[in-house]
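> The following block contains the structure, expressed as C-alpha cells.
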Amino acid sequence: MKVQKVLLQSDVHSKSDKTPVTVADYGLFSNSTLHTLLSSQAIVSFVLVKELSTEPFSLVAEEDSGDLRMESGQETLHRITKLVNDTLVIEESYTVATLSSEDVLYAIDSGKSEGGSSGRHWVLDPIDGTKGFLRGDQYAIALALLDEGRVVLGVLACPNLPLASIGTNNKHSSEPSNEKVGCLFFAKVGEGTFMHSLDGSSPIKVHVSDIENPEEASFFESFEAAHTSHDLSSAIAKVKLGVKAPPIRIDSQAKYGALSRGDGAIYLRLPRKGYREKIWDHAAGSIVVTEAGGVVTDVAGNPLDFSKGEHLDRDTIIIVTNRKLMPSLLKAVRESIQEKVSPM
Ligand SMILES: Nc1ncnc2c1ncn2[C@@H]1O[C@H](COP(=O)(O)OS(=O)(=O)O)[C@@H](OP(=O)(O)O)[C@H]1O
Ligand SMILES: [Mg+2]
Ligand SMILES: [Mg+2]
Ligand SMILES: [Mg+2]
C-alpha cells in the first residue's frame, strides 16, 4: 500500500488513463511493482513458515527470485530486503522479525512447490492484478490452502476495495473519493465467508446476491481486455440474458470478493484460446464465493479442478454466480460459444 501511494503521488500518471507517461516513468513503475510483489511473497512465505513450524510446508507461489541472486540483482535485492523489514515493523515496539537478504531469497524461493492432488499446499498470488496495482486501481493478495486437491481455506486482501458496496453506479475511477477502502475476506470450508476492514474491524458474514432475474444482475469482468473476451461476455449478458447494467470492470480477485458480498451477481472469465489459468489466480477467490453461497464452475458446470498442479485445464472458462442464476447463465454461455464457433 505504501509503494502504491508513493507511485501515485509521484505525479507521473497521465491524467486520462492513469498509465505512466514517459519511458523513464515506466521504468520506475515496473521496478517498484517488482519490489512490491517479491516483498509480498517473501513476507507471506516467511510468516507462514514461522507460524506453522510444526507442519511440513509446501507453497505454490507465482513469483521466483529470478535475477536477484546475480551480481546485477544486488541493488534490487537490497531494496526488497529493506521493504520487507520495514513492513515487518508493526509498531515501534513490535517487530515480527528482521530478515537478511539470504532469508528473503530463501522465503521467496520456498514457493516452488507444484501442488497436486495429495497432501496440503499453500497457494499464493502475492500481487494479483499487477496491472491494476500499476494503474493505482484494484489489486489483491490472495492466499489459499489446498488439501487433497480441494481448496479448504482462502484469504483475500483487497487494499483498494471500498468497504461499501461497489455498484454499477460507481463514479469514474479517476474521481477522488472519500470512501473508506481496504477489505479482507476469509473463508474456511463449511464455515462461511467473512469480511473485515484491513485496519481490523469485527468480521461480518457475507452472502452472494440472491437476484433471480438476470435482467437485474450486474456483472464483473477483467479490466484488461487481453485477459477475457469483453465482446463475448457482452453478447452473453446483454443479448442472451437481457442484463441492463454496464459491466463492472475491475482488476484481480477483488471481483470474487465483491461478488461474495453481493455487489454484483455474475463474474465471467472467457480467456483467449489456448490460455491456461494459474491456480493462484482463482483458488482463494473461488472459496470466498462458494462459502458465501455462490457457485464457481467451468463451462460444463463442474467445479474448478485445483488438483492438477500449477494450472487449471487449458481453455477453462470461469463462470461465477448464485445458485438461482447459474442454470440460465450456463445455457447462455454455451449458446453464445456455439454461435461464435459456427456463425449462421
Ligand atoms: N492472457 C491472459 N488471459 C487470462 N488471464 C491472464 C492472461 N495473462 C495474464 N493473466 C492473468 O490474469 C491475472 C489478472 O487477473 P484479472 O484479469 O482478473 O485482472 S486484470 O483485469 O488483468 O487486471 C494476472 O494475475 P497477476 O499476474 O497476478 O496480475 C495473470 O495471471
Ligand atoms: Mg494473479
Ligand atoms: Mg500476481
Ligand atoms: Mg503475474
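The values are calculated or read from the model by the stated rules, or taken from the named source; none is laboratory data. Just so it is clear, the structure is predicted and the values come from calculations on it, not from any experiment. Counting neighbours? That spans all protein chains shown, and the Cβs are built from the backbone with ideal geometry, glycine included. All accessible areas refer to the heavy atoms of the entire protein, side chains included, with ligands and DNA or RNA removed. Shrake-Rupley method; radii C 1.70, N 1.55, O 1.52, S 1.80 Å.
> What number of residues within the range 249-272 satisfy the criterion of being open to solvent by less than 10 Å² (accessible area, probe 1.4 Å) and either part of a strand (DSSP E or B) or free of Cβ contacts under 8 Å to residues at least 12 places away in the same chain (or both)?
Matching residues across the range 249-272 total 3.
Table: residues versus (1) surrounded by fewer than 20 Cβ atoms within 10 Å (Cβ to Cβ); (2) over 25 Å from the mean Cα position of the chain (by Cα); (3) within 16 Å of ligand 2 (Cβ to nearest atom).
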position: 88; (1), (2), (3): yes, no, no
position: 95; (1), (2), (3): yes, yes, no
position: 107; (1), (2), (3): no, no, no
position: 131; (1), (2), (3): yes, no, yes
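> Taking the range 222-243 as the region of interest, how many residues are open to solvent by 40 Å² or more (accessible area, probe 1.4 Å) and within 16 Å of ligand 3 (Cβ to nearest atom)?
4
> So for the range 273-289 (the condition being among the basic types (Lys, Arg), open to solvent by 20 Å² or more (accessible area, probe 1.4 Å), at pLDDT 95 or above and under 29 Å from residue 148 (Cα atoms)), does at least one residue qualify? Walk me through how you get there before you give the answer.
Pass one, the range 273-289, residues among the basic types (Lys, Arg): 273, 276, 278.
Subsequent filtering for residues that are open to solvent by 20 Å² or more (accessible area, probe 1.4 Å) retains 273, 276, 278.
Next, only the ones that are at pLDDT 95 or above stay: 276, 278.
Right, trim to under 29 Å from residue 148 (Cα atoms) and you get 276, 278.
Checked the range 273-289: at least one residue is among the basic types (Lys, Arg), open to solvent by 20 Å² or more (accessible area, probe 1.4 Å), at pLDDT 95 or above and under 29 Å from residue 148 (Cα atoms).
> Among the residues of the range 109-129, write down those that are within 16 Å of ligand 2 (Cβ to nearest atom) and either touching a His at 6+ places or on another chain (Cβ under 9 Å) or open to solvent by less than 10 Å² (accessible area, probe 1.4 Å) (or both).
Of the range 109-129, the ones within 16 Å of ligand 2 (Cβ to nearest atom) are 111, 115, 122-129.
Listed by number, the residues that qualify are 111, 115, 123, 124, 125, 126, 127.
> List every residue pair whose Cβ atoms lie under 8 Å apart, where the two residues are 6 or more positions apart in sequence or sit on different chains, the first residue falls within the range 65-83 and is of a type in the set (Val, Ile, Thr), and the second residue, located anywhere, is surrounded by fewer than 16 Cβ atoms within 10 Å (Cβ to Cβ).
76/31; 76/67; 81/100
> Another question, then. List the pairs whose first member sits in the range 126-154 and is farther than 24 Å from residue 7 by Cβ, whose second member is among the polar types (S, T, N, Q) and open to solvent by 10 Å² or more (accessible area, probe 1.4 Å), and whose Cβ atoms are under 6 Å apart, counting only residues at least 6 apart or on separate chains?
Final answer for the pair search is 149/117; 149/307.
> Okay, next question. For the range 168-175, does any single residue satisfy the condition of being of a type outside the set (Ser, Thr, Tyr) and in contact with a strand residue (DSSP E or B) (Cβ under 7 Å, 6 or more places away or on another chain)? Even if it seems obvious, please write down each step before you answer.
Going through the range 168-175, the residues of a type outside the set (Ser, Thr, Tyr) turn out to be 169-172, 175.
This time we only want the ones that are in contact with a strand residue (DSSP E or B) (Cβ under 7 Å, 6 or more places away or on another chain), so: none.
Scanning the range 168-175, I find no residue that is of a type outside the set (Ser, Thr, Tyr) and in contact with a strand residue (DSSP E or B) (Cβ under 7 Å, 6 or more places away or on another chain), so the answer is no.
One line per residue, one yes/no per condition, for (1) modelled with pLDDT under 95; (2) within 28 Å of residue 199 (Cα to Cα); (3) assigned to a helix (DSSP H, G or I); (4) not small (Gly, Ala, Ser):
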| residue | (1), (2), (3), (4) |
| --- | --- |
| 8 | yes, yes, yes, yes |
| 43 | no, yes, yes, yes |
| 53 | yes, yes, no, no |
| 57 | yes, no, no, yes |
| 73 | yes, no, yes, no |
| 84 | no, yes, yes, yes |
